Amino acid sequence: MNTCYVIDDERHAIDTLTRYIAKLPGLQLIGSHINPLHAIDAVNRARNVDIVFLDVDMPELSGLEVADIISPFTSVIFTSAHAHYAVDAFEKNGIDFLLKPISFARFTKSVTKVVNAIASKKIQVPIQTHFFINPGIKGKVVRLDYNDILFIEGLSNYVAIYTTDQKHITYLSMKEVENAIPESRFIRIHKSYIVNIDKIKSVDGNHVILSKSIELPIGSSFKTSFGQIIDAITLKGYRKTY
């Protein structure tokens, strides 16, 4: 089953694609939105969207801008009533471009192309190295690279993401952030803290020491899982000590 999301500022366009998706076996619509900013957040948090149908000409953010922000693991099919956007769409690595009004036959052909490419692994999935957050300012998103993040702190109704040179605020829960970042690079050590494993300098008892001499507590309920991960990447020798 290939999951789909529709982003278009025209409700009738969303309704058309919704009907088409429902007709094709193997497709599942998991959401749609007329606001591209809300859609970006939903798609990136879902983490399992295979195909996004993305309108090019939208207010606040164009579809071409949205394509740069959503997860690189997602295949994009651009849609527009203006044929001249096709060149820009393919330059953004769009898998296909559908000219409105979209016929069901053309829709089916496009989806078949994408589904076959996914199945045969012809679409190269890049390694994700970053994500975007909405800092609470309308029309603005901020890119955060994994390598720059030191730790993430959960507060009352938002999280603070600390990088090597700045503190970023976004109105998400710790669980939402934890689900969106790779387990291989980040680990939760406390109900209020997630740390970048690459930034750990040492572990001293019940505290983790990060770059820039930042010291964070290890919560009792996280101590065992954290210890197992650190133990797994700790070099061990078999020489006896005297």
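The values are calculated or read from the model by the stated rules, or taken from the named source; none is laboratory data. All values reported here derive from a predicted model rather than from experimental measurement. Virtual Cβ from ideal backbone geometry, glycine too; neighbours counted across all protein chains shown.
The residue that is modelled with the lowest pLDDT, counting only those in the range 63-114 that are among the basic types (K, R) and within 15 Å of L27 (Cβ to Cβ), is K113. Residues being surrounded by fewer than 15 Cβ atoms within 10 Å (Cβ to Cβ), touching a residue at least 40 places away in the same chain (Cβ under 8 Å), over 27 Å from M1 (Cβ atoms) and of a type outside the set (K, R) are entirely absent from the range 105-117. With the condition kept exactly as written, say whether any residue in the range 76-92 is without any contact (Cβ under 8 Å) to a residue 24 or more places away in the chain and under 24 Å from I152 (Cβ atoms). Looking for residues that are without any contact (Cβ under 8 Å) to a residue 24 or more places away in the chain and under 24 Å from I152 (Cβ atoms), one finds none in the range 76-92, hence no. Across the range 160-176, the number of residues qualifying as over 21 Å from A39 (Cβ atoms) and in contact with a helix residue (DSSP H, G or I) (Cβ under 7 Å, 6 or more places away or on another chain) comes to 2.
On the stretch given as the range 52-69, residues that are surrounded by fewer than 23 Cβ atoms within 10 Å (Cβ to Cβ), outside any helix (DSSP H, G or I) and at negative phi total 7.
Does at least one position in the range 181-198 carry a residue that is part of a helix (DSSP H, G or I), more than 18 Å from the chain's Cα centre (by Cα) and farther than 19 Å from F132 by Cα? Yes; the residues of the range 181-198 include at least one that is part of a helix (DSSP H, G or I), more than 18 Å from the chain's Cα centre (by Cα) and farther than 19 Å from F132 by Cα.
Going by the conditions given, is E183 surrounded by fewer than 15 Cβ atoms within 10 Å (Cβ to Cβ) and outside the structural domain of L61 (by TED's automatic domain parsing)? Taking the combined requirement at face value, the residue satisfies it.
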